[in-house]
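Participant: Sharing a structure with you now.
Only the coordinates and a few stated rules stand behind these numbers; no lab work does. Just so you know, these numbers come straight off a predicted model, no measurement behind them. Neighbour counts are summed over all protein chains in view; Cβ atoms, including those assigned to glycine, are modelled from backbone coordinates with ideal geometry.
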Amino acid sequence: MILPIFIGIYLSWYFLTNAITAEKRSFFIASSLSEKQALELFNTAISSGDQLDLKNDFLNTHFKFQKPLIYDEIQDEYSTLVAEKVFNSPSKTLLKPIIENDNNKLVYIANIEPEVTKQDFINSFKNVNYLWIFLALTVAFLSHLSRSYRWKFLLEPLGLNPKLSLMYHSVMIGYIINLTIPRSGEVARAGYFSKYQKSSSEKVFGTIVVERVIDLLMLGLVFIITLFLQSDQDTFNQLRQANSEGNSPDWLVPLITSLVVLVILLIAFVPKIRSKAVSFIKGVIEGGMTILKLKQKLAFILHTIFIWIAYIVMLWLTALSVPEMESISTNAIFACFIAGTIAIGATPGGIGLYPIMVASVLINLYGYPSEVANSFGIIMWTTQTAFMIILGLLSLFAIKKES
């Protein structure tokens, strides 16, 4: 009882505090140029249409990409003058060199992430056709059910024949646990399933690793299709870079390195831990090898295709719920899907980032008004995330009946 209640409270708080975001701007900045170099480069770019060739070797040498920041973060990182210049300029704009303390900062505005307010959320749901939302959620549920059933084919070589309900509840629990600590859902899914199926959690976890590898391959295929469909691939790639790249915290690499070293030392010098580690690795490998022992390969492949088609279809159906997007193109659907997938990989469940990245694609690549693009991004993320949270919390209670 305690875990579902805790997760419900946490997700509600996280949803409300992170879904609203301030405007952010990403840019390229150079401060290693002399005044003459900065002015020459500025004048050259202005004369050629106020654009910079970001693949130019000179720019790659002198310019640093700055991940999206709010006004206060730019002010703290650089100065008030730079923050004001950046926030008073449109996207795709090269600013006249900013001279500060003999440093000639040349700034190119790469991308603008619009502010998402509480009123934006309210307005987004006013003129929506909820029939399409219902159909999108139905497709989402079928994709979750298909993923649960597909798991059965990987479990069969381990001698397991669980009920569909147990597999489904385990999958949905994994989804909502991923919203708390990224990638922890896979461990939780294996743990819950093993507890009620009385099976080896290591082997079960191995089958989930196989699923993730298959998902990665499918994502790669969808990404290739998306690039093929885009008429402006350079802009699409710049949008991805502007929203997904950035500097990691200074403490992150030392922390990960320390943890890895600690784990290696414990395995090397503590026999009991070494024994458990070896047993865990063997179990994961055995679970992973089930992909080579599938009895129903065609069924596994068909379920995989259905799952990924369903992901794209539910995005398309949600777009149809917004009156101004009824004629959205296949190109735009695929581009939004990839942008949303990147957002989900960057933050737990894409919270705070998904609507912005999807809106950026629609505005910069397909010319949709910002109000329409923002509304679609908000509706898509909110409905699907809320639906997944509700189903996940229900599964946390329902799985107890599997005993």
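Participant: DSSP loop (so not H, G, I, E, B), at most 16 other Cβ within 10 Å: list which GluC sites (Glu not before Pro) in the stretch 289-375 pass both filters.
Facilitator: Passing both the DSSP loop test and the Cβ count: Glu326.
Participant: Which far-off residues, 5 or more places away or on another chain, put their amide H under 5 Å from the one on Asn104, with H placed in the peptide plane?
Facilitator: Long-range HN contacts for Asn104: Leu33.
Participant: Can you put Phe228, Phe387, Phe42 in order, fewest other beta carbons within 10 Å first?
Facilitator: Going from least to most buried by this count: Phe228, Phe387, Phe42.
Participant: For Thr385, Thr347, Thr257, which order do you get if you count the other beta carbons within 10 Å of each Cβ and list the fewest first?
Facilitator: Taking fewest neighbouring Cβ atoms as first place, the list is Thr257, Thr347, Thr385.
Participant: If each residue's Cβ is checked for other Cβ atoms within 10 Å, how do Arg189, Arg25, Arg212 rank with the fewest at the top?
Facilitator: Exposure proxy ranking, most exposed first: Arg212, Arg25, Arg189.
Participant: Are there trypsin sites (Lys or Arg not before Pro) in the stretch 293-358 that DSSP marks as loop and that have at most 12 other Cβ atoms within 10 Å, and which are they?
Facilitator: Lys295
Participant: Once you put a point 7 Å from the Cα of Arg183 and another 7 Å from the Cα of Arg212, both along the Cβ direction, what distance in nm separates them?
Facilitator: Result: 0.6 nm between the two label points.
Participant: Cross-link list Lys163/Lys295; Lys295/Lys400; Lys198/Lys293: which exceed 27 angstrom alpha carbon to alpha carbon?
Facilitator: Lys295/Lys400
Participant: Give the calculated FRET efficiency between Glu326 and Ala268 to the nearest 0.05, with a Förster radius of 56 Å applied to their Cβ-Cβ distance.
Facilitator: Computed FRET efficiency for Glu326 and Ala268 comes out at 0.35.
Participant: Taking R0 as 30 Å, what FRET efficiency do you get between Leu229 and Glu286 from their Cβ-Cβ distance, rounded to the nearest 0.05?
Facilitator: With a Förster radius of 30 Å, E is 0.15.
Participant: Straight distance only, please: which lysines reach the Cα of Lys24 with their own Cα at less than 20 Å, same-chain residues fewer than 8 apart left out?
Facilitator: Within the straight-line limit of under 20 Å, Lys24 reaches these lysines: Lys64, Lys67, Lys85, Lys92, Lys105, Lys118.
Participant: Thr93's amide H: which non-local residues (gap 5+, or another chain) put their own amide H closer than 5 Å, with H modeled 1.01 Å from N in plane and none for Pro or chain starts?
Facilitator: Placed amide hydrogens put Ile109 under 5 Å from Thr93.
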